[in-house]
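Nothing in this text is a laboratory measurement; each read-out follows from the coordinates by a stated rule. These numbers were taken from a predicted model, which means no experiment stands behind them. Note that we place each Cβ from the backbone using ideal geometry, even for glycine, and neighbour counts take in every protein chain shown.
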Amino acid sequence: MPNPGDTRHLRRDLQRFACLLLVPSLGAALEIAEHLDVRDLNEWEVAHLEGVSVRTVRNWRLRGGGPPFRNQGGVRYPVRQWLEWREMGLRRRA
């Protein structure tokens, strides 16, 4: 689990961004996201938002099953694809 006090790898408004997880639909989340920093997420941010360790995010990437990512000048997770991946996982659990 990421250390809650270690914010070196997180953008400043990530907590506000995390509030998108409370929005009931992807469309509504994307509408709200227009007012936030929605650059691609890094692995530290994905770990923080998912409540898992960075090692877990790396394992997802290596073994498959995690959110879609790009590896162009570093690993990045496009926000829209991460939200879709998350929504699919929530639907499967329901």
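Model label points for residue 80 and residue 7, set 7 angstrom from Cα along the Cα-to-Cβ axis, are 3.0 nm apart.
Considering the dipole of the stretch 14-93 built from charges on the beta carbon (Lys and Arg +1, Asp and Glu -1) around the Cα centre, which of 30, 56, 74 is farthest to its positive end? Going by the Cα projections, it comes out as 56. Across the stretch 65-75, coupling constants 3J(HN,Hα) worked out from phi with the 6.51/-1.76/1.60 Karplus curve, θ = phi - 60°, read x, x, x, x, 9, 10, 10, 10, x, x, 6 Hz, and Gly and Pro carry x.
Each listed q (0.18, 0.23 Å⁻¹) maps to a log10 I(q)/I(0) for the chain, found by the Debye formula over equal Cα scatterers with no solvent: -0.84, -1.38. The simple spin-label model puts a point 7 Å past each Cα toward its Cβ; for residue 16 and residue 32 those points are separated by 1.3 nm. Magnitude of the charge dipole for the chain, about its Cα centre and with charges confined to Cβ atoms of Lys, Arg (+1) and Asp, Glu (-1), is about 400 debye.
Remark: 61, 8, 16 ranked as 8, 16, 61, counting other beta-carbon atoms within 10 Å and listing the fewest first. Per-residue Cβ neighbour counts within 10 Å put 53, 25 in the sequence 25, 53, beginning with the fewest. Taking a Cβ cut-off of under 10 Å around residue 78, the surrounding Lys, Arg, Asp and Glu residues balance to a net charge of +2, with basic ones at +1 and acidic ones at -1. Approximating the spin labels as points 7 Å out from Cα along Cα→Cβ, the residue 39-to-residue 52 distance works out to 2.4 nm.
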